[in-house]
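Derivation of every value follows stated rules applied to the coordinates shown; laboratory data play no part. Just so we're clear, the structure is a prediction, and the values are computed from it rather than from any experiment.
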Amino acid sequence: MAKIVPTVTAYTAEEYKTQIEKAANLSNRVSLDFMDGVFTPHKNINPVQAYWPPYLQVDIHLMYQKPAEHLETLLSIKPSLVIIHIEASSDHKQILKQLKEVGIKTGLAFLPTSNPANHSELLRLVDHALMFSGNLGSFGGVANLSLLEKIPSIKAINPKLEIGWDGGVNDQNTKLLVQGGIDVLNVGGYIQNAEDPQTAYAKLEAIVQGARE
């Protein structure tokens, strides 16, 4: 069944503490966003500042132009999954290889302008493909549901891939995303900015359940 994964997008240590505690109280899996201010309009805290309760399954979405420069940090903090952008300037194969060698799952993220079908070799090497439809480095993006048209081609290349979505997930589009083939819905502003995050999370979980019945 598809999974709702709360997202942490923090620009200060104080924001990180608030958001990681909120997310950890809702789910056993969370996604952490990190931006370099080059690939993205703004820069946030460094991955070396990340921490989380030991029971959490942590995905890191690395929005960096040169992810290889931070590989040592990623290997040391050892999240469950590291997602790098196909648009980044890097030796993707080498980064994926080094992550896998220490038991970290790997993923590729695609901006709306990228065609995953053009990267079949790399898609066969990873565990996760992330469709990005938000605003790089901030909450409140809009879910461009036309990107769901790319899912069949990804599945044709690697049927075992977990498919993620980042950007604009809310109670109005969750059902459509799940029915469109999304396995992991990364949810930022809808949860983090909610007056009652528990209620917001539970509402999305109920929609996911209904979408699969």
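A few points about this structure:
- 5 angstrom amide H check on Lys3, placed H, neighbours 5+ away: Val184, Leu185
- Centroid-to-centroid separation of segment 21-77 and segment 186-213 [C-alpha atoms, Å]: 22
- Amide hydrogen neighbours beyond the local backbone of Tyr64, cut-off 5 Å, H modeled: His85
- For the chain, the equivalent ellipsoid derived from the alpha-carbon gyration tensor has semi-axes of 23, 22, 15 Å in decreasing order.
- Beta bridges from DSSP with both residues in segment 3-212: antiparallel share about 5 percent, rounded to the nearest 5.
- Sequence-distant contacts, meaning Cα pairs under 8 Å at least 6 residues apart, place the relative contact order of the chain at 20 percent.
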